[in-house]
Structure formats: structure tokens, C-alpha cells
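Structure first, then comments.
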Amino acid sequence: MKLDVLTQLNADRAARKAVILITDTETGDQRLIREDDIAGSDRAELYGALIRAGRSRPLKDEEGGGFANVLVPPAKLVLIGAVHISQALAPMAGMLGYDVTIVDPRTAFATEDRFPNVSLIAEWPDVALPEVGVDRWTAFCALTHDPKIDDPGLLHALEKQCFYIGALGSRKTHARRVERLTEAGRSETEISRIHAPIGLAIGAQSPAEIAVSIMAQITAALRLGQVAT
Amino acid sequence: MKEASINPLDDPLAIAQAWRGEGRDVALATVVETWGSAPRPVGSHLVIDGEGNFEGSVSGGCVEGAVIAEAVDVIDSGSPRTLEFGVADETAWQVGLSCGGRIRVFVEKVD
């Protein structure tokens, strides 16, 4: 491997960008496919699928051959709301490999007793989130039911193009949220990226079951792209 | 706050860059294919320097010794090679992927 290829690859990883290194294992020749170049490349569909799968593998001849080393940033999960559902969601997401951060300005909710071993920030989202590094490899859930707390978080998540954005609340609650976000200048297309009511429709009742429905929806968004509703 | 950033202390690709930057001869080994119950997944790395120092893992310890010896040859010759270890291979059996799996490891020089 050329040192400049390795240096570029490591710089992209440090910047939380996905990269694919394709190696001809006979000759050692290598090509670095960078996340931002995929859309315009000749095999955009293949590269997109490799990154969503997040797994390295040998490529078939019709895929161009060679070995594809797929390097994707570890996914983050940001939860607005140190609520009951978050108590089930945080450990579940940890098991699935997410780095979990919970933001809630209400200090009665955001306590270490309620959330051991989780990064917890007792601040308003507009103060906390710029430090969290929300990006497109982040799943984002607004769970407080309080527009004062949820809305600034959702606006931040839309701006940072999180791969998944979900918001707790009924259809009626969401209709009012859509009005507020529209007033805040977000387009219909942007707002339609928010999964609300949050989670897959599996008849979830308890906080833990709701957490399952949310994690399943997040997993589908991560692995299948933007198709799960 | 827990950081999801790359830790240069336990990241073979970051270590490879750092070692090369220090002027050391460096080879990188990558698991490119596995069959059966292989101990480390495809894409796992082992980084080796010209003195035989190494970080990372391609098999959880079973075949690292053999990979390191080959890596020192790859550093000398500059040509990459692909190694295969598994139960079907008498030599490999001696270095011991006794779990019954097979792995293919690509070894290249960083230059």
C-alpha cells in the first residue's frame, strides 16, 4: 500500500467518512473509493451497498474483482430525552454497537443513576449538540414530547443529515410538529425524513418494546437505506 | 463523553501510518477471505515492522507467527503475497487453525 493512500484513508476515517479500499490481490494495485466520490462513480450502486452492509469482502468478477476493504465509522445514537424509553433504548443500542449520547436539560431526568455507562449531557440541545459531532452516521431520536426540547434537536439532525431521524408522538402531535418545522424554514422533503410516529408498527406497548421497534427501524435505515417506514 | 474516534493505540491502520512515518519498514496483513469458523472477520488487520514487532490480529493468535515471518519477506522483496491457512494444509495445521476454519491473508508492504 502506498503511504499516501494509507494517509488519505486514515484521514477520512478520522473525519468519520466511509472509505472502500479495493485491492488487486495478485498485483497489489489499489484504489481508494472515498464516500464523497461515490455518487459520481461508475459503480455507485455497488459501493453504496458495500457501505450500507459495512462488511469487507472479495468482489465478484462482474463487480470488478479484487478485495474490498470496507471501512465505515462506528454509528452513533443521539437521544433527546432522558426518559423511560431511553432507559431501555440506550443499553439495547450499546449492544448493537452504537455510541450512545443522551441530551436532556432537565436535571431530574438526566441522572447517572438512571443512565449508568452512557454519555449524558444535562444541557439544552442547542448547547449540547454542536459538541456531540452529529453526522450522517448518526441516528437521532427526539423523545421528550416537549417541543421546546425536541424541535431544536430535530432541526440540528436535519441539518447534519443523520441517516435516521425519529420523533416520539402521535400523528396529531406530529402534524403540529410539521407546522412548526415548516415555520422554521424546513422543506416538506426534509421534514418527511422524520420517522413519526417513531418505530416500526409492531404493536409495541412497554418502553422496552418501543425501544425494539425503534432499534429495528434504525437498523433498517442503516442497512437497507431510506426505505423503512 | 465517550468518543467514537479512531484510537491510534489499538488501530492497526493508524499504527501502520505512524510506524512508516517514523521511517520503519512496515507490512500490513489483511484477512481477505474466511471459511468455516474463522476466529477473526474479513477485513481484520495485523501490522508488522521489519524487526518483527506487530500489532493487531488476523486469527486471535493461531497463525500470527507464520504471518509475521512472511511479512518480513514481503518487506524485503516488496512484492505482496496471499497466504492461506486451514486444516487442509499440513503446514498450516502445524501453526494451528485448530478451530477447523480456513483463512486467506493478504500481506503487502507499506511504501
Next item on the list: Consider A:PRO116 carefully, then state whether it is assigned to a loop (DSSP other than H, G, I, E, B) and either modelled with pLDDT of 95 or more or surrounded by fewer than 16 Cβ atoms within 10 Å (Cβ to Cβ) (or both).
Entry: yes
Margin query: Taking the criterion of being within 12 Å of another protein chain (Cβ to nearest Cβ), modelled with pLDDT under 90 and not in a strand (DSSP E or B), would at least one residue in the stretch A:24-42 satisfy it?
Written below: no
Notebook entry, point to check: Regarding A:GLN217, is this residue exposed (fewer than 15 other Cβ atoms within 10 Å of the Cβ) and within 21 Å of A:THR144 (Cα to Cα)?
Noted result: no
Notebook entry, point to check: Going through the stretch B:38-87 one residue at a time, which ones are surrounded by fewer than 13 Cβ atoms within 10 Å (Cβ to Cβ) and within 17 Å of A:SER56 (Cα to Cα)?
Noted result: B:PRO41
Margin query: With the requirement that a residue be buried (at least 19 other Cβ atoms within 10 Å of the Cβ) and out of contact with any Leu (no Cβ under 8 Å at 6 or more places or on another chain), what does the stretch A:1-27 give you?
Written below: A:ARG16, A:THR23, A:THR25
Margin query: Of the residues A:ALA108, A:ALA88, A:ALA93, A:ALA82, only one is surrounded by 15 or more Cβ atoms within 10 Å (Cβ to Cβ), in the same structural domain as A:PRO152 (by TED's automatic domain parsing), in a loop (DSSP other than H, G, I, E, B) and out of contact with any Gly (no Cβ under 6 Å at 6 or more places or on another chain); which?
Written below: A:ALA82
Margin query: For the structure I just gave you, tell me whether A:GLY203 is assigned to a loop (DSSP other than H, G, I, E, B), assigned by TED's automatic domain parsing to the domain that holds A:ASP104 and in contact with an Asp or Glu (Cβ under 9 Å, 6 or more places away or on another chain).
Written below: yes
Check: Regarding A:ARG52, is this residue part of a strand (DSSP E or B), surrounded by fewer than 23 Cβ atoms within 10 Å (Cβ to Cβ), in contact with a Leu (Cβ under 8 Å, 6 or more places away or on another chain) and away from chain B (no Cβ under 12 Å)?
Finding: no
Notebook entry, point to check: Could you give every pair whose Cβ atoms fall below 6 Å, whose first residue belongs to the stretch B:53-65 and is closer than 12 Å to B:LEU28 by Cα, and whose second residue is modelled with pLDDT under 90 and part of a loop (DSSP other than H, G, I, E, B), counting only separations of at least 6 or pairs across chains?
Noted result: B:SER57/B:ARG40; B:VAL58/B:ARG40
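Could you tell me whether any residue of the stretch A:55-63 is in a loop (DSSP other than H, G, I, E, B) and over 30 Å from B:THR82 (Cα atoms)?
no
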Notebook entry, point to check: Hey, any hits in the stretch A:156-170 for a residue that's buried (at least 22 other Cβ atoms within 10 Å of the Cβ), among the polar types (S, T, N, Q) and closer than 21 Å to A:ILE102 by Cα?
Noted result: no
Margin query: Give me the residue from the stretch A:177-200 that is in a helix (DSSP H, G or I) and either out of contact with any helix residue (DSSP H, G or I) (no Cβ under 8 Å at 6 or more places or on another chain) or not assigned by TED's automatic domain parsing to the domain that holds A:MET95 (or both) and, out of that set, surrounded by the most Cβ atoms within 10 Å (Cβ to Cβ).
Written below: A:GLU179
Check: Would you pick out the residues in the stretch A:92-147 that are among the aromatic types (Phe, Trp, Tyr) and within 14 Å of chain B (Cβ to nearest Cβ)?
Finding: A:TYR98, A:PHE115, A:TRP137
Checklist line | The listed residue being over 14 Å from the mean Cα position of the chain (by Cα) and touching a residue at least 60 places away in the same chain (Cβ under 8 Å), out of A:ALA75, A:ALA88, A:ALA108 | finding: A:ALA88
Checklist line | Candidate set: the stretch A:158-183, residues that are basic (Lys, Arg) and touching a strand residue (DSSP E or B) at 6+ places or on another chain (Cβ under 8 Å); chosen: the one modelled with the lowest pLDDT | finding: A:LYS160
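The values are calculated or read from the model by the stated rules, or taken from the named source; none is laboratory data. Since the structure is predicted, the reported quantities are computational estimates derived from the model, not experimental observations. Note that each Cβ is placed from the backbone with ideal geometry, even for glycine, and that neighbours are counted across all protein chains shown.
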